[in-house]
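Encoded as structure tokens, the structure appears first; notes follow it.
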Amino acid sequence: MQYNFNWKSLSVAAGLTVWNFYFRLYPGAVKKAQVLDFLQALVRHLRLPLLVVWDRLPGHRSRLVQDYIASLQGWIHQEYLPPYAPELNPVEFIWAHWKQHELPNLCPKDYYQLSEAARRTLRRMRRRPRLITAFCSKLLCGRNDSILCESQ
């Protein structure tokens, strides 16, 4: 069976809490407008002050996003991960698990089928809180810190 994949890319923005993660799908690349949209959705949904830990995507540092964060007067606090340190970003564990365990044999016929499968599998992952806490634990245990990683 052979398919001709002529659709544009599908990107996902995600945020992670200790018990859950939030995501939005976007056609094309994630840029400043999508980052702003995702932040606005998080603020509306969570209604709590946020600590946002960014990688160094240009959209994260854009004037549009920084102006929005400043307009919230301390509602969002930001920190940046060191450059070239994806192993410190727990959202990268979501993507790795998603690509390896949820989507490996997916062969969509079109863009719509791809986006629906992506949404369905991410929602299924979100219903597994132990999976989410495992991503956070993996990050903490990767530090070789015996206090954080002691088994009980």
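The values are calculated or read from the model by the stated rules, or taken from the named source; none is laboratory data. Being a predicted model, the structure only gives us computed values, none of them experimental. In this analysis, Cβ positions are derived from the backbone assuming ideal geometry, glycine residues included, and neighbour counts consider all displayed protein chains.
General remarks:
- Within region 74-96, the set of residues being on the phi > 0 side of the Ramachandran plot and modelled with pLDDT under 85 comprises just one member, Tyr84.
- Being part of a helix (DSSP H, G or I), modelled with pLDDT of 85 or more and surrounded by 16 or more Cβ atoms within 10 Å (Cβ to Cβ) is a property that Ile132 lacks.
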